[in-house]
Amino acid sequence: MKQQDHLQIVPPQFAGQEIETEAIKELKDEADAKSLYYVAKKKLLDVNNWKKIAGTITAQFQIIDEKGKEVNREVRKGDYLRIDIPGPGSKEGDGYDWVLVEELKEINMGSLQSIGFRVRPNENPFSEKNETSHFYSKEATSSFIISRENSKLISWIIDRNLLPNTESGSLADKVRDVAVGVSAIAGLSKVQWQQLADGLIKE
């Protein structure tokens, strides 16, 4: 593990692959670091605009609330994220991949500030089928964390237990999930997450 999980939201690695990306910025003093932390925190929670932060080759994210409605606000625990990745979409996911925000925490302890949330592949909330609508299996998680340690700012993204989803009901989805999952594990996710990590703490 590259960084310390002050929030204790990153699960242990037990299956498949893991991907970690980070960006670090040293500011001239703690006041500047605090100021940039609040900017980075706002970017982190503004998931709907991640594509603007991360660049053109990345996926488009949309926050969906517990009632299934598109919302334009900061992400919260219990929200769904609807993900539109480049390429063919999931039939079961109505053309999208879906994750659930299962944890969100923040701490403020003087010289240490940290905020982050964890998502997990989930069913399409608009479908009656109980099938994971994502190219990764439900064992996988992604954690997105911003931390300030004194005058240092850290953006950290951790994917754990990455296994392709092989449980889709339709053959087309099964082939698609394995193909996309394998390519994501092979490096496409790391490229996207590095761009996001860099963008979150960009001044």
Residue identified as exposed (fewer than 14 other Cβ atoms within 10 Å of the Cβ) and at pLDDT below 95 among GLU66, GLU92
GLU66
Aliphatic (A, V, I, L, M) and assigned to a loop (DSSP other than H, G, I, E, B) - does that describe any residue in segment 39-48?
no
Please pick out the residue among LYS77, LYS67 that is in a loop (DSSP other than H, G, I, E, B), touching an Asp or Glu at 6+ places or on another chain (Cβ under 7 Å) and among the charged types (D, E, K, R).
LYS77
May I ask you to list pairs of residues, at least six apart or on different chains, whose Cβ atoms are under 7 Å apart, with the first in segment 133-147 being more than 14 Å from TRP193 (Cβ to Cβ) and the second being assigned to a strand (DSSP E or B) and of a type in the set (Gly, Ala, Ser)?
SER147/SER114
Considering segment 94-108 alone, what residues qualify as being in contact with a strand residue (DSSP E or B) (Cβ under 8 Å, 6 or more places away or on another chain) and either assigned to a strand (DSSP E or B) or without any contact (Cβ under 8 Å) to a residue 12 or more places away in the chain (or both)?
GLY95, ASP97, TRP98, VAL99, LEU100, VAL101, GLU102, GLU103, LEU104, LYS105, GLU106, ILE107
Is it the case that some residue within segment 145-157 is more than 18 Å from LEU200 (Cα to Cα) and touching a Lys or Arg at 6+ places or on another chain (Cβ under 9 Å)?
no
Residues being surrounded by fewer than 24 Cβ atoms within 10 Å (Cβ to Cβ), of a type outside the set (S, T, N, Q) and closer than 20 Å to GLN13 by Cα: count how many of those fall in segment 130-146.
2
For segment 115-139, name all the residues that are at pLDDT 90 or above and touching a helix residue (DSSP H, G or I) at 6+ places or on another chain (Cβ under 9 Å).
ILE115, GLY116, PHE117
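The values are calculated or read from the model by the stated rules, or taken from the named source; none is laboratory data. Computed from a prediction, not measured in an experiment: that's the story for all the values here. Reconstructed Cβ throughout: ideal geometry from the backbone, glycine too, with neighbour counts over all protein chains shown.
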